[in-house]
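Take a look at the structure set out below.
The values are calculated or read from the model by the stated rules, or taken from the named source; none is laboratory data. The structure presented is a predicted model; accordingly, all values stated were derived computationally and were not measured. Every residue, glycine among them, receives a Cβ derived from its backbone with ideal geometry; neighbour counts consider all protein chains shown.
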Amino acid sequence: MCNVLVLYYSQTGQLTEILNNMMTPLINDETITVTFQPITPEKAYDFPWKKEEFFEVFPETFLQIPKPNQALPATIKKKKYDLIILGYTVWYLTPSIPFNSFLKSEEGRQLIANTPVITVNASRNMWILAQEKVKKLLADAQAKLVGNIAFVDRNINHISVITIVHWMLRGKKNKYLGVFPKPGVSDKDIDEASKFGEIIKDYVKKGDYEGMQEDIVASDGVRVKPFLIRSDQGGNRIFKKWASIIYKAGEKSPPKRKVLLAIFRRYLVVAIWLIMPIVFILFLITYLPMYRYIKKNIKYYQSIRLR
Ligand SMILES: Cc1cc2nc3c(=O)[nH]c(=O)nc-3n(C[C@H](O)[C@H](O)[C@H](O)COP(=O)(O)O)c2cc1C
């Protein structure tokens, strides 16, 4: 009998739905027991987000400062699992606060130590460096990363920016103004998530994950767009400065933090609508000379290796 644990944090339920579908083939197999366990922050994040609160979480998210989660049930902590699936979403190019806090907690680290782990992330589309941060935390906890699947909004980047704001601030995963595409991961990708469960099922039964990530990639489980690598790297460099300035200022003066966050909010609009298109043009110009480097990067970010 194989014991599989699915641990996750999902605010709107999108990731929960993906994981439920993904795990169906394993749930239907009588030699596998699947347990689902949500990660629950002590102080819940309201959904839909109020504009101020959406930006308020930025410094602590990016600086990966943990906040308390509710303790995991004793039944889960006591057990040794054959495989743990970790489901997370990305906030500000970083694993969300509840998930990051779980990975940094003593009980989280103990649970995943010396255990095969598959990460499943569901984000807008900027998940690449967040996954690198997760890889590092997993290595710190001595967990064995054996697979990664990334679910994203497949619409054009700037369209998905508009639609996610509508979804996050108004709380409805529907077509903004009736003309934009539905935000988030498409219904089709959510429905078809079970194809990854089929792959995982075979490997968990063997107890050997050699070749699984290659199978996941071949099934379109980790699409990496080279321009998004560049944007993620640039975004991380700039966010690092903003996050530490705002966090430090806030320690001394909460009103100053508020003012800086309001400036950051406006900066983000400029970065997305003005700086990103310029970077895109530069990216296109340098695409051919950089081709080999770009290809190498895509391969790396699709993999489960840690540089
Ligand atoms: C505060 C906040 C910041 C976010 N930042 C990013 C981001 O940097 N990159 C990205 O691809 N998605 C980002 N998202 C989208 C989430 O990764 C996720 O897709 C969305 O919150 C729905 O997930 P859930 O309802 O399953 O929790 C952000 C969402 C929130 C709430």
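May I ask you to verify whether Val165 is assigned to a loop (DSSP other than H, G, I, E, B) and either assigned by TED's automatic domain parsing to the domain that holds Ile32 or modelled with pLDDT of 95 or more (or both)? Walk me through it before giving the result.
On the way: assigned to a loop (DSSP other than H, G, I, E, B): no; either assigned by TED's automatic domain parsing to the domain that holds Ile32 or modelled with pLDDT of 95 or more (or both): yes.
Against the criterion (assigned to a loop (DSSP other than H, G, I, E, B) and either assigned by TED's automatic domain parsing to the domain that holds Ile32 or modelled with pLDDT of 95 or more (or both)), Val165 does not qualify.
Checked against the criterion of being assigned to a helix (DSSP H, G or I), of a type in the set (Ser, Thr, Tyr) and surrounded by fewer than 15 Cβ atoms within 10 Å (Cβ to Cβ), segment 207-220 contains not a single residue that satisfies it. In segment 142-157, the qualifying residues are those that are among the aliphatic types (A, V, I, L, M) and closer than 25 Å to Tyr45 by Cβ, and the one that is nearest to the ligand (Cβ to nearest atom) is Val152. Going through (1) among the polar types (S, T, N, Q); (2) near the ligand (Cβ under 10 Å from one of its atoms); (3) more than 21 Å from Ser231 (Cβ to Cβ) one by one, Ser160 falls short only on (3). The residue of segment 82-125 that is farthest from the chain's Cα centre (by Cα), among those that are more than 8 Å from the ligand (Cβ to nearest atom) and among the aromatic types (Phe, Trp, Tyr), is Phe102.
More than 13 Å from Val120 (Cα to Cα), of a type in the set (S, T, N, Q) and surrounded by fewer than 16 Cβ atoms within 10 Å (Cβ to Cβ): which single residue out of Asn174, Asn155 fits that description? Let's see the steps before the verdict.
On the way: Asn155 fails: surrounded by fewer than 16 Cβ atoms within 10 Å (Cβ to Cβ).
Only one candidate passes the filter, namely Asn174.
Total residues in segment 7-22 satisfying the condition of being out of contact with any helix residue (DSSP H, G or I) (no Cβ under 8 Å at 6 or more places or on another chain) and not polar (S, T, N, Q): the figure is 3. Among residues that are modelled with pLDDT of 95 or more, surrounded by 15 or more Cβ atoms within 10 Å (Cβ to Cβ) and assigned by TED's automatic domain parsing to the domain that holds Tyr291, Arg237 is not included.
Each row is one residue, and each column tells you yes or no for (1) surrounded by fewer than 16 Cβ atoms within 10 Å (Cβ to Cβ); (2) within 15 Å of the ligand (Cβ to nearest atom).
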position	(1), (2)
Leu5	no, no
Tyr8	no, yes
Phe62	no, yes
Lys80	yes, no
